[in-house]
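These notes are about the structure you will find just below.
The values are calculated or read from the model by the stated rules, or taken from the named source; none is laboratory data. No experiment lies behind these values; they were computed from the predicted model shown. Heads up, the Cβs are rebuilt from the backbone with ideal geometry, glycines too, and the neighbour counts pull from every protein chain shown. Only protein heavy atoms, including side chains, enter the accessible area calculation; ligands, DNA and RNA are left aside. Shrake-Rupley method; radii C 1.70, N 1.55, O 1.52, S 1.80 Å.
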Amino acid sequence: MEWGLELLQEPERCFLELQHARAAYRPGLGSFQWEVLATTRSERTDAELRVGSEPLLVATEVPQRSEELRVLGQVTTDSLPPDNIDVVIYLSFRGTVSQENMITNLKAELVPLTLGASAQGQVHRGFQDAYLALRPRLLTKLDEVTADPSLLPARVLVRATGHSLGGVLAMLACYDLRSCRGVTCECVTWGAPRLGDGGFAELWNAAGIKLERLVNRFDVVPRLPSNQEDEAGEQGRVAAQLHQWLGRVQAARNALGYVHFCDSVDLDTSAAAAALHWANAAKVAALS
C-alpha cells in the first residue's frame, strides 16, 4: 500500500500504466514492440484422441481459432529509474474478452501453486492454467530480448500491468519472473480479482515485488472470489451480502480462503465518480 500511495504522487506514471492496460484490448501493437498470444484450449485433432491404437473419433480438421490470451511487450533503456536499472521491460496483459476467458474466471478452485520453488501456497486454478499457457512463449521472448550476456538479471526491471483477468496474469508473471529469472518486478493491477490464499500472499510479499491494486469502489470483480473477512469498512457490508450468495458454491468447489496481497487504492471515492465509471464502462461495452 505504501508503494501504491507513493506511485499516486506520479500522475504521469499512473496515466502511462493505464494506457498500457488499455492497449492490450486494442488491435495492433500501439507503442509496444511485440505480442505473445496463447490459448487455454487443446490444439489436438480428433485423430489424436485414441483408445490404445484405435482412434476414438474420425479425424477432423482443427478449426481456425483466435487466441484468447494476449500480452504486449516493450523493452526500453530510456527514462530509467535511478536504482541501478539498465533495462525496463513493460508487459501489458489483456483481460476478459471471450467465452474462454469467462470459463477461465469460473475455474475458481484453489490448487497448489506450481510456480517457484516453494510448495507453499494455493492459487486460482483457471488463472494459473491461463498463465501457464502463455508462459513458454513469454519466457522465450523475454530471453530473446535480454540475450546480452553482460546484462545482469538484478539490473532488469519488469513493469507489468493488466485489467481484471489481465491483472492477475500480470501478478503471476511477476512472481514467476522474480522466482525463475531473478529480475526486479513492479505490478499495477486495475480491477483485478483475488488470486490465491494466504500462503501464496506470504510468498509474494517475501519475493519483494512491488504491487499497486487500483479499484473502482463498486466494482464487484475485485471482491471475487468472495471472502468477507478480507474486506473492511463500508465495503465489508457489500462483501457480506456477496459472500451470502457465493459462500456455499465456493465451499463446494474448494474456493474458500482467497485474500488480496495488498490493500487497494480506490479510484472513485464518491457516488458521482462511481456513476461516471459505470457510464463509461457501458459505452465501451456498447462499442465492443
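Could I get the Rg over Rh figure for region 72-130? Both from C-alpha atoms, Rh via Kirkwood, rounded to two places.
Reported Rg/Rh, Kirkwood definition of Rh: 1.15.
Counting only protein heavy atoms and a 1.4 Å probe, tell me what percentage of region 67-106's accessible area is made up of carbon and sulfur.
Carbon and sulfur atoms account for 49 percent of the accessible area of region 67-106.
Once the Cα gyration tensor of region 143-264 is found, what semi-axes does its equivalent ellipsoid get, as square roots of 5 times the eigenvalues, in whole Å, sorted largest first?
So the three semi-axes of region 143-264 are 32, 14, 11 Å.
For region 18-24, just list the computed ³J(HN,Hα) in residue order, Karplus coefficients 6.51, -1.76 and 1.60, θ = phi - 60°, integers in Hz, with x standing in for Gly and Pro.
Residue by residue, region 18-24 yields 5, 4, 5, 4, 5, 4, 5 Hz.
Could you tell me how many cubic angstrom of Cα convex hull volume region 98-184 has per residue? Mind dumping the intermediate values first?
On the way: hull volume 8.2 nm³, N = 87.
Considering the Cα atoms of region 98-184, their hull volume per residue is 94 Å³.
Regarding region 147-208, what is the average projected area of its C-alpha convex hull, in nm²? Numbers along the way, then the final one.
Numbers: hull surface 17.3 nm².
Value for region 147-208: 4.3 nm².
Any idea of S264's accessible area? Nearest 10 Å², probe 1.4 Å.
40 Å²
Starting with the highest mean, order 191-197, 75-81 by the number of other Cβ atoms within 10 Å, averaged over the residues of each peptide.
191-197, 75-81
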